[in-house]
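The next block holds one structure in the form of structure tokens; read it before the comments.
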Amino acid sequence: MKLPDQGHLLRIFIGESDKHEHMPLYEWIVRKARECGLAGATVIRGLQGFGPTSRVYTTKILRLSEDLPIIIEIVDTIEKIDNFWPVIQDVIPEGLVTIEKVQIKFYRGGKIS
């Protein structure tokens, strides 16, 4: 798959404990992104964060949280992201979703063995 020099980044901020169809929501979103033919997805687990409720979630031992921040990043063309958005928008119970323009330097992978 070839990507153009200009793309878009879909960034989804959710909680680690969010679920959909009996699985973690981040896992469900990544599976759907693959099914929809998006270029790739990365899930990042945050060490600490807060959202609209201002409740702080942290990995500190004395306050071990089971709902740490999760960020899902997907880079592709705006057309593919726009087509993917309706698939996921109604399954995100709370969080933040952003789209921003990105310059793609390269997109390459090794051979699958």
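Coordinate-derived values only; no laboratory data. Please read all numbers here as calculations on a predicted model, not as lab measurements. Neighbour counts are summed over all protein chains in view; Cβ atoms, including those assigned to glycine, are modelled from backbone coordinates with ideal geometry.
Tabulated data
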read-out: Within a Gaussian network of the chain (alpha carbon springs, distance under 10 Å), most fluctuating of GLU35, GLU94, GLU27; value: GLU35
read-out: Pairs of Lys in the chain closer than 21 Å at Cα, counting only those 8 or more apart or on different chains; value: 9
read-out: Stretch in the chain that is longest and holds no trypsin sites (Lys or Arg not before Pro) that DSSP places in a loop and that have at most 11 other beta carbons within 10 Å; value: 3-54
read-out: Distance in nm between pseudo-label sites at ARG34 and ARG11 (7 Å out along the Cβ direction from Cα); value: 2.5 nm
read-out: Local electrostatic count at GLN89 - Lys and Arg +1, Asp and Glu -1, tallied over other residues with Cβ under 13 Å; value: -2
read-out: Identified option (computed Cα extents along the principal axes in Å; candidates [x] 31, 30, 26; [y] 46, 31, 28; [z] 35, 34, 23); value: [y]
read-out: FRET efficiency, HIS22 to LYS2 (Cβ-Cβ, R0 35 Å, nearest 0.05); value: 0.45
read-out: For LEU38, distant residues with modelled amide H under 5 Å away; value: none
read-out: Length released on extending from VAL43 to TRP85, taking residue separation times 0.36 nm less the Cα-Cα span; value: 13.4 nm
read-out: GLY46 long-range amide H proximity, modeled H, under 5 Å; value: ILE70, ILE71
read-out: Cα-based helix-to-principal-axis angle, 78-88 vs the chain, degrees rounded to 10; value: 40 degrees
read-out: Gain upon complete extension [THR77, PHE106; 0.36 nm per residue less C-alpha separation]; value: 9.1 nm
read-out: Estimated 222 nm signal from helices in the chain, with DSSP H stretches of n ≥ 4 weighted -39500 (n - 2.57), rounded to 500; value: -6000 deg cm²/dmol
read-out: Acute angle (nearest 10 degrees) that the helix 25-35 long axis makes with the longest principal axis of the chain, alpha-carbon atoms; value: 10 degrees
read-out: Cα centre as origin, Lys/Arg/Asp/Glu Cβ charges: the chain dipole, Debye; value: 500 debye
